[in-house]
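Single-structure report; data block below.
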Amino acid sequence: IFFRFTNFRRMPPSLMDLPADALHYIDDYLRSPLFSHVCHRAWMELQGKHFNHHARTLPFDQKLTTLKHIAVGWHTVCLDFAGKEAKTEELAELCVHAPSLHSLQMNLQKSQLGRGGAEGLNKLQFCYALRTVHLNLCRANLGEGGAKPLKALSECPNLHTVHLNLRANRLGAGDAAAIATLRHVPYLHTLHLDMFNNQCGVRGAQALAHLKAAPLLRNLHLDMSCNALGTEGAQAIAAVAESSSLQALHLGLSGNQIGPQGTRELMALRSAPHLRVLRLFLGYNGIGPCGTQALADITHLGLLEALELSMCGNHLGPGGARSLAALKQLAQLQRLDLDLSDNNLVASDAEALSELQEAAALHTFRLNLSGNNSGVIPHGAKALQGLKESIPHFHLDVRLGQGSYWR
């Protein structure tokens, strides 16, 4: 331990003279016991503030009684039970015994909780000091209704950041409605919700659209890929644009067959008043060239600084990407990512995209044209060369054949 060998008289006064509150702020930011090892004073102030447990050999229930006695001083807790048997009631009860707990990470990926296995997480509503929660329940076999206990998080009054990974759990619309109650958390500003490959459907999308009512929500990451949304679902989820505080939005809607009409409905996003970052993943939705034309409405987002648009595998066909040249009208756009792989584009599409060099503020452009018509590069090379010369950071992916990405 470092402080055993430290000459305290020679330590920088800036560290030794820091008030105790400052030491605690630094320690909470780092979320690690390492800072408590810097010197004797840090050790006396900060020891025992962070708890990490990785389920390997010793069963957790053998430690539980002992841990409850020392939990009173914990500020952060990290519990990793990935692929292991876990009892959510015991885990949540341990957190309740830590009245100062403000950061919780719980990894229950592939833990096979089964239907009702997450019921114990109801107790998290009594963790009144919680500010950040990272909960990984990917492939936990929850089944329909299995995520409803997460509604308890809406009772945590100081919560401001929530990350929920609920991939591949066969969740339904009722689960989406339970999670949407997070809109009632007064200080919530960041929500990362991964619902990839569930069964939420249109009603689930309608429920999650109510997140627009969260008063301070600035950053929303919502992945609803492979949830059978269709056109109606796309229309419903676009309502999040009505949020008065949203500044960064990630929408994953791949594999939902929203079609060209769903894309047009999705462009209700153009009314978002403060949006600066937009990431849309629309791969494998049968959008076609008509749907791509609707995407030109993104130009109404006058404050947009970063745009990522994934349109892979959407049967755009020759000329299908020409309408995207309208993105050059975004006066404040600094970063642009376009994935147009596997769309049978041709040289004229590359020439149209070259007009994006006229975007006034653009300095970073990543363009994926993999898996398109073999003539898109040799015949469109001259136009693409202009992009390379005019944009400081230009990256082009032109692998032929099946080079698409699933996002």
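The values are calculated or read from the model by the stated rules, or taken from the named source; none is laboratory data. Please read these numbers as outputs of a predicted model, since none were measured by experiment. Cβ sites come from the backbone with ideal geometry, for glycine too, and all protein chains shown count toward neighbours. The accessibility values were calculated without ligands, DNA or RNA, using every heavy atom of the protein model including side chains. Shrake-Rupley method; radii C 1.70, N 1.55, O 1.52, S 1.80 Å.
Going out from 0 in 20 Å bins, what whole percent of all Cα-Cα distances in the chain drops into each bin?
Cα pair-distance distribution for the chain, in percent: 25, 45, 27, 3.
Expressed as a rounded percentage, what relative contact order does the chain have, with Cα pairs under 8 Å and six or more residues apart?
The value is 7 percent.
Taking a 1.4 Å probe, which of TYR284, TYR29, TYR128 shows the most accessible area, and what order do the others take after it?
Correct descending sequence by accessible area is TYR29, TYR128, TYR284.
How many times 2.2 N^0.38 Å is the alpha carbon radius of gyration of the stretch 312-365?
Taking the Cα Rg and dividing by 2.2 N^0.38 Å, one obtains 1.13.
So if we plug the beta-carbon distance of LEU396 and ILE26 into 1/(1 + (r/R0)^6) with R0 = 41 Å, what FRET efficiency do we get, rounded to 0.05?
My answer for the efficiency is 0.45.
What distance in nm separates the two pseudo spin-label positions at ALA129 and HIS300, each 7 Å out from Cα along the beta-carbon direction?
With each label point 7 Å from Cα toward Cβ, the separation is 4.7 nm.
Would you grab the residues whose amide H sits under 5 Å from the one on ASP337? Only those 5+ places off in sequence or on another chain, please, with H modelled 1.01 Å from N.
Result for ASP337 returns LEU307, GLU308, LEU309, ARG366.
Based on DSSP H runs of at least 4 residues, each adding -39500 (n - 2.57), what is the mean residue ellipticity at 222 nm of the chain after dividing by all its residues, to the nearest 500 deg cm²/dmol?
That comes out to -6000 deg cm²/dmol.
Based on alpha-carbon centroids, what's the gap between the stretch 224-268 and the stretch 312-360 in Å, whole number please?
Value for the Cα centre distance between the two parts: 21 Å.
Just the number, please: carbon plus sulfur as a percent of the accessible area of the chain, 1.4 Å probe, no ligands or DNA/RNA counted.
Carbon and sulfur atoms account for 51 percent of the accessible area of the chain.
Find how much the distance from GLU119 to GLN329 grows on full extension, using 0.36 nm per residue of separation minus their present alpha carbon separation; answer in nm with one decimal.
70.6 nm
Rounded to the nearest whole Å², what accessible area per residue is found for the stretch 75-118 with the 1.4 Å probe?
Here the per-residue accessible area is 41 Å².
Quick query: amide H of GLN105 versus all other amide H atoms, modeled in the peptide plane; which residues come in under 5 Å with a sequence gap of 5 or more or a different chain?
Answer set, sorted by chain and number: VAL77, CYS78, LEU79, HIS134.
So with the 1.4 Å probe, I'd like the accessible area per residue for the stretch 195-330, rounded to whole Å².
Spelled out: the 1.4 Å probe surface of the stretch 195-330, per residue, equals 34 Å².
Would you kindly derive the ³J(HN,Hα) couplings of the stretch 131-136 from the backbone phi angles with the Karplus curve 6.51 cos²θ - 1.76 cosθ + 1.60 (θ = phi - 60°), listing them in order in whole Hz, with x for Gly and Pro?
The phi angles translate into 10, 10, 9, 10, 10, 10 Hz.
A 24 angstrom limit on the alpha carbon distance is what I want to check against. Which of LYS49/LYS151; LYS212/LYS328; LYS123/LYS212; LYS87/LYS212; LYS49/LYS148; LYS87/LYS110 exceed it?
Distance filter (> 24 Å) returns LYS49/LYS151; LYS212/LYS328; LYS123/LYS212; LYS87/LYS212; LYS49/LYS148.
Taking 0.36 nm per intervening residue step and subtracting the Cα-Cα distance, what contour gain separates ASP337 from TYR187 on full extension?
50.9 nm
If amide hydrogens are placed 1.01 Å from N in the peptide plane, which non-local residues have theirs closer than 5 Å to the one on HIS221?
LEU191, HIS192, LEU193, HIS250
With θ set to phi - 60° and the Karplus curve 6.51 cos²θ - 1.76 cosθ + 1.60, what are the ³J(HN,Hα) couplings of the stretch 17-33 in order, to the nearest whole Hz, using x for Gly and Pro?
8, 5, x, 4, 4, 5, 4, 5, 5, 5, 5, 5, 5, 6, 6, 8, x
For HIS363 and ALA228 in one chain, what is 0.36 nm times their gap in residues minus the Cα-Cα distance, to one decimal in nm?
Extending this stretch completely gives an extra 44.9 nm.
Taking θ = phi - 60°, what integer Hz values does the Karplus form 6.51 cos²θ - 1.76 cosθ + 1.60 yield along the stretch 240-252, in sequence order, with x for Gly and Pro?
4, 5, 6, 4, 8, 10, 5, 10, 9, 9, 10, 10, x
Quick check: with the 1.4 Å probe, what order do GLU85, GLU90 take by accessible area, largest first?
Largest accessible area first, the list is GLU85, GLU90.
Among ALA152, LEU362, GLY120, which residue has its Cα furthest toward the positive end of the charge dipole of the chain, with +1 on Lys/Arg Cβ and -1 on Asp/Glu Cβ?
GLY120
Please give the charge dipole size of the chain, origin at the Cα centre, charges +1 on K and R Cβ atoms and -1 on D and E Cβ atoms. Round to the nearest 20 debye.
Roughly 760 debye, rounded to the nearest 20.
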